[in-house]
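The values are calculated or read from the model by the stated rules, or taken from the named source; none is laboratory data. Owing to the predicted nature of the structure, the values given are computational and were not obtained by experimental measurement. Note that each Cβ is placed from the backbone with ideal geometry, even for glycine, and that neighbours are counted across all protein chains shown. Just so you know, the surface numbers come from the protein's heavy atoms only, side chains and all, with ligands and any DNA or RNA stripped out. Shrake-Rupley method; radii C 1.70, N 1.55, O 1.52, S 1.80 Å.
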Amino acid sequence: MIRKLKGCFIAVLLLLQAWPVTASAAGGDMICLTAAKQTVQPGELLTVAVEGQRLSNLYGAEIRLAYDSGKLRFKSAQRRVSGGAIYEVKPMVTEGGLVLAFTRTGRNTPGLTGDMPLYELSFEAIATGSAAVSLTSATLVDDQAASRSAALGEGVSVDIRYASSSGESTPSPVPTPTPAPGSTPSGSPGIFIVEAAAQSSAEGVKAVAELGAALDSKGTESIRVVVSAPPETVQMQVQLPVRQVLAAFGSRIQTIEIDTGLVQVMLHPGLVTHLSGSPAEGLVLAVAKADAGSLSAAVREKLNGQSILYGFSLSVGGQAIGKLGNGEITVNLPYRLKGGETPHQVVVYDLSRSSDAPAAIKNSRYNPETGMVVFKPAEHFGQYAAVYANIIFQDMADAAWAKEYVETLAAREVIRGVGDNRFDPHSRVTRAQFVTMLMEAAGPDGGAGSREAASPFRDMEDGQWYSRAIATAGELGIIQGREDGTFGPNDGISRQDMAVMLYRTAMLLRVEGVSRIEDAPSFADGEDIAGYAAEAVAAMEASGIMDGFEHKRFLPQEPSTRAQAAAVVFRFYMKL
């Protein structure tokens, strides 16, 4: 479809005039972009102006742009060029791209000259992080139907982040959407698409994918296996030659994605540790679609009306891979938002750990652009459901800045309310509460908090709601307690102690974007920060997980509220 569209806009411009096309050399023409803001919040609109500089005899134009579709959603394009009758082609949105075109009309209508606005574009910010809009080409036509290429100005970059309680904000990365299927090789740079024909069998649909052509293709960084199966398929097996998988991950290939039509599964290089069998044996991904009708009423209630379950298994030479390492597999499950639903409350539930109590997978995140929930299974494959966790706290009106942070974490069972649909955002957070939040955010899916450990502190009682989290944090060295051997679980936690716990956890998990900072924290009250916390505070500020207050103060000794604690844990969680 994209190939058919190529060049059609300029063709429209020239056909309107019905004159022959000649090429002219590029002059001083330049097309530039400017953004109205450098920072926006998710849900906010970003305005980008497309302007022409030093234009000479401009009669018509085709302008192509690229933008980060995982973080920006194109909303509208308003033409700003004026003067005489103008015919405008409706903006064409492609995969991560945008094509704009217009022409003046009439044989005796002269072209335009000078600096002038051409378009005003509007994008909606849909995910946190850094997003860019750039020009890829600009073809101009003069009043004699001669076409030329214009020089391109630099693109614009915007920081998409939530505002914090102190008026500052923090960017957080989110997964990039997976490109749609295409020809072989793909039109997307570095992606080679392998089409695997599906065959029906007594055990459902089976497909075998050969990766040889992808391995021989220069510049391939990712292989996408697309299985053509009937829409009514409920069971599927996709086999890959182990020898080819090993060759792929032993070279430049970063991911092998399998698009079954039901779900998408991405294999990462860490998976090679399981492929120690005969190279001739096949690596088989099995996917089964089931109905939730056979589950208990309590489980169906927790699934909030979701009736579709997906089961997965991975085997080599007929032997199931029982335990997965962190980051070896990524899964995308489909989910369609219903009216009134918000993306941050869509999660994946794991039904394999307990048949009576499905557990939220904490690293699951919904991408509204792809309509998929992406997650990384922890330790095992199993049965999953994409669910809207409708968490509502009635007392968040006067802490609206933290509402989405709180709901995001509550939907993933990282934090909990205090009963009666209340979160109590302004009350003091205790040391036990914060450690529990942090351990829940980091594990078990994040790699911490999944161990059984005895508490190293003499003021801790076994069997408390916080016992396991504090024991695990103590064993991992995230908390060290006080000189007298106590921890003080019910005491309020200072901001500098929060920074220390966050920093130690981030270093343990090797969280991207968090590193040791040599310089002292750049706060006006830096002298008030204890020596043991200085490095942690500096690192948390540099990473954006914690920020300051007015007059560049950190207030290290101040206690934190539950809403403030949820905000910093959310920022930490978004970096995992």
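Screening residue 254 with (1) touching a helix residue (DSSP H, G or I) at 6+ places or on another chain (Cβ under 8 Å); (2) open to solvent by less than 30 Å² (accessible area, probe 1.4 Å); (3) of a type outside the set (A, V, I, L, M); (4) within 19 Å of residue 326 (Cα to Cα) gives one miss only, at (2). If the condition is being hydrophobic (A, V, I, L, M, F, W, C) and part of a helix (DSSP H, G or I), then region 523-536 contributes 533, 534, 536. For a quick check of your reading of the model, give me the residue pairs whose first member lies in region 496-508 and is charged (D, E, K, R), whose second is part of a helix (DSSP H, G or I), with beta-carbon atoms closer than 8 Å and at least 6 apart or on different chains. Listed by first residue and then by second, the contacts come to 497/431; 497/533; 504/536.
Across region 52-67, not a single residue is classified as outside any strand (DSSP E or B) and under 25 Å from the mean Cα position of the chain (by Cα). Please determine, by comparing only the residues of region 130-153 that are assigned to a loop (DSSP other than H, G, I, E, B) and charged (D, E, K, R), which one is modelled with the lowest pLDDT. Selected residue: 143. Tell me, please, whether a residue that is under 18 Å from the mean Cα position of the chain (by Cα) and modelled with pLDDT of 75 or more can be found in region 113-124. Yes, because at least one residue in region 113-124 is under 18 Å from the mean Cα position of the chain (by Cα) and modelled with pLDDT of 75 or more.
A quick yes/no check of all residues on (1) more than 29 Å from residue 410 (Cβ to Cβ); (2) outside any helix (DSSP H, G or I); (3) not hydrophobic (A, V, I, L, M, F, W, C):
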position: 482; (1), (2), (3): yes, yes, yes
position: 487; (1), (2), (3): no, yes, no
position: 501; (1), (2), (3): no, no, no
position: 517; (1), (2), (3): yes, yes, no
position: 521; (1), (2), (3): yes, yes, yes
position: 538; (1), (2), (3): yes, no, no
position: 551; (1), (2), (3): yes, no, yes
position: 557; (1), (2), (3): no, yes, yes
position: 563; (1), (2), (3): no, no, no
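Inspection of region 277-294 identifies at least one residue that is more than 19 Å from residue 361 (Cβ to Cβ) and open to solvent by less than 20 Å² (accessible area, probe 1.4 Å).
A quick yes/no check of all residues on (1) touching a residue at least 60 places away in the same chain (Cβ under 8 Å); (2) in contact with a helix residue (DSSP H, G or I) (Cβ under 9 Å, 6 or more places away or on another chain); (3) surrounded by 19 or more Cβ atoms within 10 Å (Cβ to Cβ):
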| site | (1), (2), (3) |
| --- | --- |
| 480 | no, yes, no |
| 486 | no, no, no |
| 515 | no, yes, no |
| 527 | no, no, no |
| 545 | yes, yes, yes |
| 548 | yes, yes, yes |
| 554 | no, yes, yes |
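Scanning region 48-90 for residues being open to solvent by less than 60 Å² (accessible area, probe 1.4 Å) and touching a Phe, Trp or Tyr at 6+ places or on another chain (Cβ under 8 Å) gives a total of 14.
Specify the residue that is least open to solvent (accessible area, probe 1.4 Å); the eligible residues are those in region 105-122 that are in a strand (DSSP E or B) and touching an Asp or Glu at 6+ places or on another chain (Cβ under 8 Å).
The initial filter retains those residues of region 105-122 that are in a strand (DSSP E or B), namely 112-122.
Then keep just the ones that are touching an Asp or Glu at 6+ places or on another chain (Cβ under 8 Å); that gives 115-118.
Working: 115: 114, 116: 32, 117: 69, 118: 2 Å².
Among those that are in a strand (DSSP E or B) and touching an Asp or Glu at 6+ places or on another chain (Cβ under 8 Å), it is 118.
For the residues 563, 542, 567, 520, the requirement of being modelled with pLDDT of 95 or more and farther than 16 Å from residue 497 by Cα singles out 563.
Listed residues 326, 363, 304; which is polar (S, T, N, Q), part of a loop (DSSP other than H, G, I, E, B) and at positive phi? I'd like the intermediate steps shown before the answer.
Numbers: 326 fails: at positive phi; 363 fails: at positive phi.
Within the list 326, 363, 304, the selection yields 304.
Would you mind stating whether residue 271 is in a helix (DSSP H, G or I) and under 16 Å from residue 317 (Cβ atoms)? Spell out how you get there, then give the answer.
Working: in a helix (DSSP H, G or I): yes; under 16 Å from residue 317 (Cβ atoms): yes.
Yes: the conditions hold for residue 271.
One residue alone among 13, 45 is in contact with an Asp or Glu (Cβ under 8 Å, 6 or more places away or on another chain), modelled with pLDDT under 90 and closer than 30 Å to residue 161 by Cβ, and that residue is 45.
Among the residues of region 245-268, how many are in a strand (DSSP E or B) and at pLDDT below 90? Walk me through it before giving the result.
Filtering region 245-268 for residues in a strand (DSSP E or B) gives 255-259, 264-267.
From what's left, at pLDDT below 90: none.
Residues that pass the stated criteria total 0.
The condition (being modelled with pLDDT of 95 or more, open to solvent by less than 30 Å² (accessible area, probe 1.4 Å) and over 19 Å from residue 561 (Cα atoms)) is satisfied by just one residue among 472, 505, 430: 505.
With respect to (1) touching a strand residue (DSSP E or B) at 6+ places or on another chain (Cβ under 9 Å); (2) open to solvent by less than 60 Å² (accessible area, probe 1.4 Å); (3) free of Cβ contacts under 8 Å to residues at least 24 places away in the same chain, the lone exception for residue 320 is condition (2). Scanning region 298-354 for residues that are of a type in the set (Ser, Thr, Tyr), within 30 Å of residue 281 (Cβ to Cβ) and modelled with pLDDT under 90 returns a single hit, 352.
Being under 21 Å from the mean Cα position of the chain (by Cα), closer than 27 Å to residue 259 by Cβ and either open to solvent by 30 Å² or more (accessible area, probe 1.4 Å) or not aliphatic (A, V, I, L, M) (or both) holds for only one residue in 407, 369, 413, 379, and it is 369.
Taking region 205-232 as the search range and keeping residues that are among the polar types (S, T, N, Q) and either touching a Ser or Thr at 6+ places or on another chain (Cβ under 8 Å) or part of a strand (DSSP E or B) (or both), which one is surrounded by the most Cβ atoms within 10 Å (Cβ to Cβ)? Talk me through it step by step, then tell me what you get.
Going residue by residue through region 205-232, those that are among the polar types (S, T, N, Q) are 217, 220, 222, 228.
Now narrow it down to the ones that are either touching a Ser or Thr at 6+ places or on another chain (Cβ under 8 Å) or part of a strand (DSSP E or B) (or both): 222, 228.
Working: 222: 22, 228: 13.
Among them, the one singled out is 222.
The single condition among (1) in contact with a helix residue (DSSP H, G or I) (Cβ under 9 Å, 6 or more places away or on another chain); (2) closer than 25 Å to residue 424 by Cα; (3) not in a strand (DSSP E or B) that residue 356 does not meet is (2).
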